[in-house]
1. All but one of (1) in contact with a strand residue (DSSP E or B) (Cβ under 7 Å, 6 or more places away or on another chain); (2) modelled with pLDDT under 95 hold for P38; which doesn't?
2. Please go through region 56-78 and give me each residue that is loosely packed, with under 15 Cβ neighbours inside 10 Å and assigned to a strand (DSSP E or B), ordered by number.
3. Being under 11 Å from the mean Cα position of the chain (by Cα) and open to solvent by 30 Å² or more (accessible area, probe 1.4 Å) is the filter here, so list the residues in region 79-96 that pass it.
4. Just for region 30-45: of the residues that are over 11 Å from the mean Cα position of the chain (by Cα) and not charged (D, E, K, R), which one is surrounded by the fewest Cβ atoms within 10 Å (Cβ to Cβ)?
5. What number of residues in region 97-117 are surrounded by 14 or more Cβ atoms within 10 Å (Cβ to Cβ) and farther than 14 Å from A23 by Cα?
6. Test each condition in (1) touching a residue at least 24 places away in the same chain (Cβ under 8 Å); (2) farther than 17 Å from T114 by Cβ for G16 and report the one that comes out false.
7. When the residues of region 1-17 are narrowed to those that are of a type in the set (A, V, I, L, M) and under 19 Å from D70 (Cβ atoms), which ends up most open to solvent (accessible area, probe 1.4 Å)?
8. Starting from region 31-53, take each residue that is free of Cβ contacts under 8 Å to residues at least 40 places away in the same chain and list its partners that are in a loop (DSSP other than H, G, I, E, B), counting only C-beta distances under 6 angstrom and pairs at least six apart or across chains.
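The values are calculated or read from the model by the stated rules, or taken from the named source; none is laboratory data. Computed from a predicted model, the values in this text were never measured in an experiment. Cβ atoms come from the backbone with ideal geometry, glycine included; neighbour counts cover every protein chain shown. Note: accessible area is taken over every heavy atom of the protein model, side chains too, but ligands, DNA and RNA are not part of it. Shrake-Rupley method; radii C 1.70, N 1.55, O 1.52, S 1.80 Å.
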Amino acid sequence: QVQLVESGGGLVQAGGSLRLSCAASGRTFIMAWFRRAPGKEREFVASIKWSSGSTSYAPSVKGRFTISGDNSKNTVYLQMNTLKPEDTAVYYCTTRSRSYVADYDYWGQGTQVTVSS
């Protein structure tokens, strides 16, 4: 069992920045961020694979968001710059806890990000 605790959400004006943090209670294989905007499906935002440090981004955030982390602390960050109103959503931290797990198997409770125009 892995518990994920997110922090760092809030209200920001368009063009501003926020940094989200997610602390896992144990070691993980991949950590990622998803988001769900009002009335929309949950969508992938970014991920990081600890063993290689490789990252992946959704096209809508590439160049504006940066995922990073400290594997020794089981903590991942999402630096969000040049925020747009369409980035407004609940952001969820998630993990594939082991390499043999096919999908994301643990989720945080979510943190609200609101970008005003």
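1. The failed condition is (1).
2. Within region 56-78, S56, K62, S68, D70 meet the criteria.
3. At the first step, the residues of region 79-96 found to be under 11 Å from the mean Cα position of the chain (by Cα) are 79-80, 90-95.
If the condition is that a residue be under 11 Å from the mean Cα position of the chain (by Cα) and open to solvent by 30 Å² or more (accessible area, probe 1.4 Å), then Q79, V90, Y92 are the ones that fit.
4. G39
5. Quick first cut of region 97-117, residues surrounded by 14 or more Cβ atoms within 10 Å (Cβ to Cβ) only: 97, 101, 104-108, 110-111, 113-115.
If we keep only those that are farther than 14 Å from A23 by Cα as well, we get 101, 104-105, 113-115.
Residues flagged as surrounded by 14 or more Cβ atoms within 10 Å (Cβ to Cβ) and farther than 14 Å from A23 by Cα within region 97-117 amount to 6.
6. Among (1) touching a residue at least 24 places away in the same chain (Cβ under 8 Å); (2) farther than 17 Å from T114 by Cβ, the lone unmet condition for G16 is (2).
7. Our first condition is that a residue be of a type in the set (A, V, I, L, M); within region 1-17, this holds for 2, 4-5, 11-12, 14.
This time we only want the ones that are under 19 Å from D70 (Cβ atoms), so: 2, 4-5.
Values: V2: 16, L4: 12, V5: 88 Å².
Among those that are of a type in the set (A, V, I, L, M) and under 19 Å from D70 (Cβ atoms), it is V5.
8. Matching pairs, first to second residue: F44/A58.
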